[in-house]
1. Please report the spacing between the Cα centers of segment 211-233 and segment 83-116 in Å, no decimals.
2. Between residue 53 and residue 80, what length comes free when the chain is fully extended (0.36 nm per residue of separation minus the Cα-Cα distance, one decimal in nm)?
3. Amide H to amide H under 5 Å from residue 35: which residues, 5+ apart in sequence or cross-chain, H placed 1.01 Å off N in plane?
4. Label points 7 Å out from Cα along the Cβ direction at residue 192 and residue 87: separation in nm?
5. Over the Cα atoms of segment 1-52, each weighted equally, I'd like the Debye log10 I(q)/I(0) at q = 0.28, 0.30, 0.32 Å⁻¹, rounded to two decimals.
6. For a quick check, take a GNM of the chain with Cα springs below 10 Å and name the residue from 220, 110, 68 with the largest mean-square fluctuation.
7. With equal scatterers on the alpha carbons only and no solvent term, can you work out the Debye log10 of I(q)/I(0) for segment 37-88 at 0.29 1/Å?
8. By the gyration tensor of its Cα atoms, with a ≥ b ≥ c the square roots of the eigenvalues, what is the shape of segment 135-224: rounded for a/c under 1.5, prolate for a/b over b/c, or oblate?
Amino acid sequence: MHIIAHRGASGYAPENTFAAFEKACELGADFIELDVQLTKDGRLAVIHDDRVDRTTNGAGFVRQFTMSELEKLDAGSWFSPAFKDENIPILDEVLEKYHKKTGLLIEIKSSKTQPGIENVIGKLISSFGFSMKTIVQSFDAGAIKTMHKLYPAIPAAVLIRPRFGMVPRGQLRHIASFADYVSVKHTRLSPFLINAIHSHDLKALAWTVNGQKTGRRLESWKIDGIITDYPDYFKKEGKA
């Protein structure tokens, strides 16, 4: 079972910052999950929301800023004064720093508001060399289809919130035609659904798991990975 640090170790440091990513590595996470948004000048900023208001001292849509303007914002003080020097990372630097060190799970928020983002991400990942430790995910299945068409060597995941914990087999077959993983809200998972996902040669991820009992239950159900704000809650035997 892979331990995936949600926006970095976001229980301990401001989400989607180098502080959170470093903490995730320190705590032994197998992957760092992060979010990207396109900037005004076509760069990939690592930030969850389409606006900067919640996690910085700025205001406005990410797409209204250049990357250099975003880097001047304070992206840490909202979490704690100890992180006041943290800024919004650019994906290029995150890949440079971590692509050989840990896995990266990169989330596209929406291709509808950011046309062409799939190609920008694909080009950037391929410039570092394709790796099974770099996965692109999205709730936007269309974006993942486009990623697969343009860059079939990049593993991909589709995020879903199944109603009543059920996913039609036809939907799983369809997802399996362009993705490798299904990422499901943990409260919607069951052994039956995980088995159904596996039966379509897909791997199952669960989000966002912050309870140790829940993690143990999911592991007993053969989940392939859990996304958590607290990667140290789920340390493996023999892992620092």
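None of the figures in this text is laboratory data; all of them are computed from the coordinates on show. These figures come from a predicted structure and were not determined experimentally. Reconstructed Cβ throughout: ideal geometry from the backbone, glycine too, with neighbour counts over all protein chains shown.
1. 24
2. Contour length minus Cα-Cα distance gives 8.1 nm.
3. Amide H neighbours of residue 35: 47, 107.
4. Placing both labels 7 Å beyond Cα along the Cβ direction yields 5.2 nm.
5. Each listed q corresponds, in turn, to -0.97, -1.05, -1.14.
6. Per the Cα network of the chain with a 10 Å cutoff, 220 tops the list.
7. Relative scattering, expressed as log10 I(q)/I(0), comes to -1.12.
8. Note, shape of segment 135-224 comes out prolate.
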